[in-house]
Amino acid sequence: MTVSPFVEIAAILLIAAIVGFIGRALRQPLIVSFIGVGILVGPAGLGIVTQHEEIELLASFGISLLLFVVGLKLDLTVVRTLGPVALATGVGQIAFTSIIGFLIALGLGMTPLTATYVAVALTFSSTIIIVKLLSDKREIDALHGRIAVGFLIVQDIAVIVAMIGITALGAEPAGDRSLAVQAAVVFAGGIAFVAVIVALAVWVLPALTARLARSPELLVLSAIAWAIALAAAGEVLGFSREVGAFLAGASLAPTPYRDTIGSRLVTVRDFLLLFFFIELGARLDLSLLGMTLGSAVIFSLFVLVGNPIIVMIIMGVMGYRKRTSFLAGLTVAQISEFSLILGALGVSVGHITAETMGLITTVGLITIGLSTYMIIYSARLYEWLAPWLGVFERRAPYREMGTGAPAHESADVIVFGLGRYGGGIVRHLLLRSRRVMGIDFDPAALAYWRAEGVPVLYGDANDADLFDHLPLDDVKWVVSTAPDLDTSQVLLHHLRTRGYDGKVAVSARSADDGDLLRLKGVDVLLRPYADAAEQAADAITSAMDRLSAIATATPGLREVRLSPGSMWAGRRIAEVPVRDEFGVTVLAVSRAGRSFFNPGPSFQLFPGDRLILSGEPAGLDRAVDYLGRVEPTGAGHEQEDFVVQELAVGAMPGWAGRSLADLQLPKRFGVTVVAVTRGDHTMAAPDPQRPLAAADRLVLAGTPELLDRVRRS
């Protein structure tokens, strides 16, 4: 029974989805899963694949789009910004890996040409996999992440040059031309082709893409057409469609629309690239894989261990810390999808056999599979190996000396993570006159806060050596904004082993993570999205909603929020002179979704409270401006210190069984009852008529002297 191509491809896609799901559960890149799908549906497996031409055509489109997106993201400014390290590491790693790999291949009995192909295949690392893994770990902006991206760009350029060379060498000589003359003709044609593309990129494409960008769909369609057209032109001119597609992407890289085009093409690229790996797996002869397994293991060990060592040696000589060198080195512990494409190109021009292609594929499967786990668990690996990695570090790693804070700096709060959320925490802490030290692995963030006068250190919670340089004896709070549970646990471990006895606040993604972290001793859980949602709900459910019915009967109503740095935060209403100065009354206070109407003169205000004011419009405007002040303007308004403390009801004779209204704590002592804690439940704005139990705990706010009066009573 003959099966139509449509049914065959539908079955392949269904199997690919199932195998891909299993691969993701094992935390493996889809490349490994897709090659496995090819083996499964090929002659060695279920034998489903019969429409090789259709699948090969789709694979060609996928490879062309892959090279197009790589060219589209070609950012030479990254290489220039990182300076010598990207070029030195990229070129040095390519040179050393190819030379050593060539010698190993010769030692295994390969011919020089085959050994050259195998050695070159071992040098390239997967840009797609590395960028994806580093992005998932939020390390793409770290120093080691930026260095890795830098030498990956160098590798991408090198692989394009290699493809041009292979195509030139593999071309059939025309007429009486020698191989050298044929190669020269191909290179000359390539130079002319590049010159035309550069001219279009400078004078035509910027204006054209600006017009096309008025319709995003047309922009993406035109980009695909441009990629495939130049890929076809490259094939016609004799130096491969891959090179043409890469140049098409590079020609659009300077435009402001490259990110839009790239993001919209990723899914299409991955879908079509699936067919390349399926075709590759389907054509693999498993008997050849068995014959080359011994050699594959040797080459895989060289890639998994030797490549990182080469990078660590180069970066160590250049003055980088052993941790930065190690993390960057792990990113080259696998071969690339380009290695497979390069091998397939070598088979097509007759330079290598199917057996050699099977060897390269086996090395790819082994190294991609294992290196994924190495990168995911890089922090743990470094912790194990750190004692032996000192040989790769200079006595003074001067390249990173400028990223540290002075050794004599002390701080009240240490904040790990200086992104938007962590940076906001630092800014608000500075408004409260706290001494803050920031820690991050993003050099740009460190430079910004250093310019703001904040002491900073390069590193993260997974860097065990970092904690030896922190002034933990003086620190009252350590704050981590990383929501990753493993990072928070590592942070707690390092703090505990160094005898830190202050408080810790960490971010948590879920309630389960938060419960586990509380059991491990975390004092405060930060929930960026949940807290923001709660504040947003507070902002739209204020007392102003309930006062709208009487708004027309009053001279005027205005709402003002006390900022975190307000000079009136911590004061009692009686101390806020808005009535005497502006003829304005505090009609209500909204706090945490609850509204307090007609608060008395002893009602204490807190940062974030929203005051609903009543009065004449002119007086309201002046009062709102007055309450928004951050710094006191006169000696008569010096802010009084206040604290928040818990008091057990059972410890106070005669309090159990009585209500807050009976006790009249604000009137008798001038303190405010912030909340009542009963068991695991905390009641903010508690009912004043509800009787208190002996096991209840009152959360009181006031000056230390007033709270002492309460306890002495």
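A few comments on the model shown:
- Some residue of the stretch 98-105 being of a type in the set (Phe, Trp, Tyr) and without any contact (Cβ under 8 Å) to a residue 24 or more places away in the chain: yes
- The set of residues in the stretch 621-648 that are at pLDDT below 85 and of a type in the set (Lys, Arg) contains only Arg629.
- Failed item, numbered, when Ala618 is tested on (1) at pLDDT 80 or above; (2) assigned to a loop (DSSP other than H, G, I, E, B); (3) not acidic (Asp, Glu): (2)
- Lone qualifier among Ile366, Ile335, Ile376, Ile310 - being surrounded by fewer than 18 Cβ atoms within 10 Å (Cβ to Cβ) and either free of Cβ contacts under 8 Å to residues at least 12 places away in the same chain or under 23 Å from Gln93 (Cα atoms) (or both): Ile376
- Any chance Pro555 is within 25 Å of Val426 (Cα to Cα), modelled with pLDDT under 80 and not charged (D, E, K, R): no
- Among the candidates Pro5, Pro29, residue that is within 23 Å of Leu265 (Cβ to Cβ) and either modelled with pLDDT under 80 or not assigned by TED's automatic domain parsing to the domain that holds Phe275 (or both): Pro29
- Residue match in the stretch 676-696 (condition: charged (D, E, K, R), crowded, with 19+ Cβ neighbours inside 10 Å, under 19 Å from Arg594 (Cβ atoms) and outside the structural domain of Gln604 (by TED's automatic domain parsing)): yes
- When the strands (runs of 3 or more DSSP E) confined to the stretch 472-545 are screened for residues that are outside the structural domain of Asp460 (by TED's automatic domain parsing), at pLDDT 90 or above and farther than 24 Å from Ala411 by Cα, none reaches at least 1 such residues.
- Some residue of the stretch 649-656 being assigned to a loop (DSSP other than H, G, I, E, B), modelled with pLDDT under 80 and surrounded by 13 or more Cβ atoms within 10 Å (Cβ to Cβ): no
- Whichever residue in the stretch 570-582 is of a type outside the set (Val, Ile, Thr), at pLDDT 75 or above and surrounded by 18 or more Cβ atoms within 10 Å (Cβ to Cβ) and, among such residues, is farthest from Val671 (Cα to Cα): Phe582
- A count restricted to the stretch 408-467 and to residues that are more than 21 Å from the chain's Cα centre (by Cα), without any contact (Cβ under 8 Å) to a residue 12 or more places away in the chain and either part of a helix (DSSP H, G or I) or crowded, with 22+ Cβ neighbours inside 10 Å (or both) stands at 3.
- Residue check, Leu700 closer than 23 Å to Arg591 by Cα, touching a residue at least 40 places away in the same chain (Cβ under 8 Å), among the hydrophobic types (A, V, I, L, M, F, W, C) and not in a strand (DSSP E or B): no
- From Leu284, Leu288, residue being surrounded by 15 or more Cβ atoms within 10 Å (Cβ to Cβ), at pLDDT below 85 and in a loop (DSSP other than H, G, I, E, B): Leu284
- Hey, Ile9 farther than 20 Å from Ile341 by Cβ, touching a residue at least 24 places away in the same chain (Cβ under 8 Å) and not in a helix (DSSP H, G or I) or not: no
- Pick from the stretch 572-597, criterion in a loop (DSSP other than H, G, I, E, B) and touching a strand residue (DSSP E or B) at 6+ places or on another chain (Cβ under 7 Å), ranking: nearest to Thr703 (Cα to Cα): Ala592
- Among residues of the stretch 396-419, those that are under 30 Å from Ala569 (Cα atoms) and at pLDDT below 85, counted: 2
- Search result, residues across the stretch 209-225 that are farther than 15 Å from Ser263 by Cα and either part of a loop (DSSP other than H, G, I, E, B) or outside the structural domain of Leu252 (by TED's automatic domain parsing) (or both): Arg214, Ser215
- Enumeration of residues in the stretch 426-482 that are closer than 27 Å to Ser325 by Cβ and among the polar types (S, T, N, Q): Asn462, Ser480, Thr481
- Only one of the numbered conditions (1) modelled with pLDDT of 75 or more; (2) farther than 25 Å from Thr267 by Cα; (3) of a type in the set (Gly, Ala, Ser) is not met by Gly165, and that is (1).
- Considering the stretch 232-273, and only residues there that are outside any helix (DSSP H, G or I) and not aromatic (Phe, Trp, Tyr), the residue that is nearest to Ile153 (Cα to Cα) turns out to be Ala253.
The values are calculated or read from the model by the stated rules, or taken from the named source; none is laboratory data. The structure presented is a predicted model; accordingly, all values stated were derived computationally and were not measured. A quick note on method: Cβ atoms are made from the backbone with ideal geometry, for glycine too, and the neighbour counts reach across all protein chains shown.
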